[in-house]
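Participant: The structure under discussion is supplied below as structure tokens; questions concerning it will follow.
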Amino acid sequence: MCGIVGAVSRVDVTPFLLKGLQRLEYRGYDSAGVVVINDAGGFDRSRAVGKVEMLEQALSQRNLSGSTGLAHTRWATHGAVTEPNAHPHICHDTLALVCNGIVENHDELRQVQTDHGLIFTSETDTEVVVHQIYMHLNTGQDLAEAVRNTVQELEGSFALGVVQAGEPGRMIAARQGPPLIIGLGEDEFFIASDIAALLSVTRRYIVMENGDIADIRNGTCTIRDALGNSVERLVRESSQSGSDIELGEFSHYMHKEIHEQPRAIADVLEGRLAGDRVLEQAFGQQAMNIFDQTQQVQIIASGTSYHAGLVAKHWFEYVGVPCEVEVGSEYRYRRHAPRGGTLLVTISQSGETADTLAALVEAQRQGIVGSLVVCNTPESSLVRESDLSFMTHSGPEIGVASTKTFTAAMTGLMMLALVLSRRHGFDAGFEAHVVKQLRSLPSALEKVLEIEGEIARMAKAFGNKAHALFLARGAHYPIALEGALKLKEISYIHAEAYPAGELKHGPLALVDEQIPVVAVAPNDTMLEKLKSNLAEVRARGGRLFVFADPETDFKRAEDLDLIHVAQVDSAVAPIVFTLPMQLLAYHAALIKGTDVDKPRNLAKSVTVE
């Protein structure tokens, strides 16, 4: 979603603000802007629609300099993508503000402010926030007090950065929902939505908690919690470096992150396997006690993470653990029948997914034996709010379309299934067999990457297509869903996935010589059923693109393009067959000429509902 960057320093902060925005581009946005307090104590602001480079071009035409400033990338919610709707917003040349989030009661506030004679220059909900703070300032309140009173009057989820004309060296930051951190330098402070924006100046940071308001001035930072009490928050140090988010030899972050998956899976496994067993301690100190009480699993996730949950459902139920999977935005808004012994498992790359967070709170209210998050971001909200956490250690994922965090999450979920299997009658031999397959995963993924040239060749058939159909069965149906999602996300080809057995219940009507049909065909117990389903496609003139285990006995033909995927055990096959889906989407997007890393209308971290 939107990205916030701010700085209070002794030198010009404009170059840092611009660099910070560039490092937040992966979050998804449609416009960008920057404001600084100039030497005269007033505001200089520049905004642009489009990429950060458009803002950079605008700044090259003017001298915008100051030691205190804010910057922002906007992902439109209220109001069209226009320069007046871009942040930062300014009120009466007195206050400048940036916001990530949504203010739900903006209509009521706008009416009151209009009645008081305030003029609106945008269609955004954010402009009511800067006006509300201004109204409090006009009663004689200090800036921090005005922000605190405003926050109490807002409904919704938001993070704010605020500066006041005539007060260089001072900035107010507030968090109520979306993430916001404070970077610590030498007698200088920074704020950002993500540590990635700060790595050029500092690795030391503080995570603001919900309700916190930080007053940065005179080389100090005072934080007060939701009750107004002065609090000390833990100073942390990021293990990331600037090189972690550099492209290196690759043209796109997505391509880089696809190729990082063998290393990412090795990192997931490192230190968590002891001989032929998964270490329960990998899930947290309370893991054994919570797992002993677990009778069933409820998975909550969104998007790609939801597909990881659907795969894991097969694994959990194979070892005798009932499992339900639901998207967070649906789970939180319906009534639930109480079920004893439920372990809630959330999956989130960012750990800040708003709907998943809200679903966690709802589940805790109903009563669960415990909560576990599978996540890539330490110190994120889901990690802090959950009883147990399993960090995937995948490193920064910059491309909007998730790749390595998907396979890493699936690997962690399989390890969880193994731990739970011990409590449901599965012996050490079963676990030893699956652990052996897990250890072989990195090399299996390397073999898939070796056939990228074949997949790029296959992708050429999608260059002039507007639709595609994905088919699979069993635990690979979610992989087909993920393949369709990736193709939609980055190539803008409309794609749907179905269990292959459902063809005759409707999707077969779509099949003709114009629509490519992608099939995921591992060598498992469902293979012969899948072959029969694919015969139905061929009988109706459909063209098949099959990713198959070498032992499946598929034959290339005029209407069947075939790529053999590395031969692996069925236990880990869904993880291995994921990579061809990602590479197919990537190369199709290259042919289409779309923006692979920043697809239109999408955001990396969905931090508001």
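Participant: So L360 passes all but one of these: (1) in contact (Cβ under 8 Å) with a residue 40 or more places away in the chain; (2) open to solvent by 10 Å² or more (accessible area, probe 1.4 Å); (3) farther than 27 Å from G483 by Cα. Which condition number does it fail?
Facilitator: (2)
Participant: Now for a different question. Given L485, L503, which one is modelled with pLDDT under 95 and among the hydrophobic types (A, V, I, L, M, F, W, C)?
Facilitator: Of the residues listed, the single one that is modelled with pLDDT under 95 and among the hydrophobic types (A, V, I, L, M, F, W, C) is L503.
Participant: Of all residues in the stretch 292-341 being hydroxyl-bearing (S, T, Y) and more than 15 Å from V369 (Cβ to Cβ), which is modelled with the lowest pLDDT? Walk me through it before giving the result.
Facilitator: The first filter runs over the stretch 292-341 and keeps only residues hydroxyl-bearing (S, T, Y), leaving 294, 302, 304-306, 318, 329, 331, 333.
Filter again for more than 15 Å from V369 (Cβ to Cβ), leaving 302, 304-306, 318, 329, 331, 333.
Numbers: S302: 92, T304: 95, S305: 95, Y306: 96, Y318: 96, S329: 86, Y331: 86, Y333: 82.
Within the stretch 292-341, the match that is modelled with the lowest pLDDT is Y333.
Participant: Output the residues belonging to the stretch 499-513 that are in contact with a strand residue (DSSP E or B) (Cβ under 8 Å, 6 or more places away or on another chain) and open to solvent by 70 Å² or more (accessible area, probe 1.4 Å).
Facilitator: Scanning the stretch 499-513 gives L510, E513.
Participant: A follow-up question, please. Quick one: in the stretch 50-102, of everything that is under 30 Å from the mean Cα position of the chain (by Cα), outside any loop (DSSP other than H, G, I, E, B) and more than 13 Å from V34 (Cα to Cα), which residue is modelled with the highest pLDDT?
Facilitator: Here the residue is N100.
Participant: Restricting attention to the stretch 506-525, report how many residues are more than 16 Å from H476 (Cβ to Cβ), aliphatic (A, V, I, L, M) and at pLDDT 90 or above.
Facilitator: Matching residues across the stretch 506-525 total 1.
Participant: Right, next: So, of the residues in the stretch 19-49 that are outside any strand (DSSP E or B) and closer than 22 Å to D187 by Cβ, which turns out to be least open to solvent (accessible area, probe 1.4 Å)? I'd like the intermediate steps shown before the answer.
Facilitator: Kept after step one, since they are outside any strand (DSSP E or B), are these residues of the stretch 19-49: 19-30, 38-42.
Pick out the ones that are also closer than 22 Å to D187 by Cβ and you get 19-20, 38-39, 41.
Values: K19: 85, G20: 0, N38: 33, D39: 161, G41: 15 Å².
That would be G20.
Participant: Take the residues of the stretch 214-247 that are of a type in the set (S, T, Y) and in a strand (DSSP E or B): which is farthest from L413 (Cα to Cα)?
Facilitator: T220
Participant: Please verify whether the stretch 378-390 includes one or more residues that are under 20 Å from H255 (Cα atoms), open to solvent by 10 Å² or more (accessible area, probe 1.4 Å) and either under 16 Å from the mean Cα position of the chain (by Cα) or not hydroxyl-bearing (S, T, Y) (or both).
Facilitator: No, the stretch 378-390 contains no residue that is under 20 Å from H255 (Cα atoms), open to solvent by 10 Å² or more (accessible area, probe 1.4 Å) and either under 16 Å from the mean Cα position of the chain (by Cα) or not hydroxyl-bearing (S, T, Y) (or both).
Participant: If the requirement is being within 21 Å of R74 (Cβ to Cβ) and within 36 Å of the chain's Cα centre (by Cα), which of these qualifies: L109, L143?
Facilitator: None of the other options fit; the residue is L109.
Participant: Select from the stretch 538-559 the residues that are open to solvent by less than 70 Å² (accessible area, probe 1.4 Å), more than 19 Å from A484 (Cα to Cα) and outside any helix (DSSP H, G or I) and list them in ascending order.
Facilitator: If the condition is that a residue be open to solvent by less than 70 Å² (accessible area, probe 1.4 Å), more than 19 Å from A484 (Cα to Cα) and outside any helix (DSSP H, G or I), then G541, D549, F554, A557, D559 are the ones that fit.
Participant: Quick check on the stretch 248-257. Is at least one of its residues outside any helix (DSSP H, G or I) and among the acidic types (D, E)?
Facilitator: Looking through the stretch 248-257, at least one residue is outside any helix (DSSP H, G or I) and among the acidic types (D, E).
Participant: Inside the stretch 50-69, can you point out the residues that are open to solvent by less than 40 Å² (accessible area, probe 1.4 Å) and touching a residue at least 24 places away in the same chain (Cβ under 8 Å)? Quick ask: steps written out before the conclusion?
Facilitator: Applying the first criterion (open to solvent by less than 40 Å² (accessible area, probe 1.4 Å)) to the stretch 50-69 yields 50, 52, 55, 58-59, 64, 66-69.
Within the stretch 50-69, V52, L55, L59, L64, G66, S67, T68, G69 qualify.
Participant: Got a sec? Which of A571, A566, A535 is more than 19 Å from E450 (Cα to Cα) and in a loop (DSSP other than H, G, I, E, B)? Outline the logic, then answer.
Facilitator: Details: A566 fails: more than 19 Å from E450 (Cα to Cα); A535 fails: in a loop (DSSP other than H, G, I, E, B).
After ruling out the rest, the residue left standing is A571.
Participant: Oh, and also: So which residues in the stretch 476-486 are within 27 Å of E528 (Cβ to Cβ) and open to solvent by 20 Å² or more (accessible area, probe 1.4 Å)?
Facilitator: Selection gives Y477, L481.
Participant: Can you tell me which residues in the stretch 466-499 are small (G, A, S) and either part of a helix (DSSP H, G or I) or out of contact with any Phe, Trp or Tyr (no Cβ under 8 Å at 6 or more places or on another chain) (or both)?
Facilitator: Scanning the stretch 466-499 gives A466, A472, G474, A475, A480, G483, A484, S491.
Participant: For the stretch 489-548, how many residues are among the basic types (K, R) and touching a Pro at 6+ places or on another chain (Cβ under 8 Å)?
Facilitator: Residues that pass the stated criteria total 1.
Participant: Going by the structure shown, is F577 open to solvent by less than 50 Å² (accessible area, probe 1.4 Å), in contact with a strand residue (DSSP E or B) (Cβ under 7 Å, 6 or more places away or on another chain), closer than 27 Å to G463 by Cβ and touching a residue at least 60 places away in the same chain (Cβ under 8 Å)?
Facilitator: Yes.
Participant: Follow-up question, since we're still on this one. Would you mind telling me which numbered condition in (1) within 22 Å of A461 (Cα to Cα); (2) surrounded by fewer than 23 Cβ atoms within 10 Å (Cβ to Cβ); (3) out of contact with any His (no Cβ under 9 Å at 6 or more places or on another chain); (4) not aliphatic (A, V, I, L, M) E489 fails?
Facilitator: Every listed condition holds for E489 apart from (2).
Participant: Select from the stretch 412-465 the residues that are assigned to a helix (DSSP H, G or I), open to solvent by 20 Å² or more (accessible area, probe 1.4 Å) and in contact with a Lys or Arg (Cβ under 8 Å, 6 or more places away or on another chain) and list them in ascending order.
Facilitator: A428, A432, P442, A461
The values are calculated or read from the model by the stated rules, or taken from the named source; none is laboratory data. Just so we're clear, the structure is a prediction, and the values are computed from it rather than from any experiment. Cβ sites come from the backbone with ideal geometry, for glycine too, and all protein chains shown count toward neighbours. Surface accessibility is based on the protein's heavy atoms, side chains included, excluding ligands, DNA and RNA. Shrake-Rupley method; radii C 1.70, N 1.55, O 1.52, S 1.80 Å.
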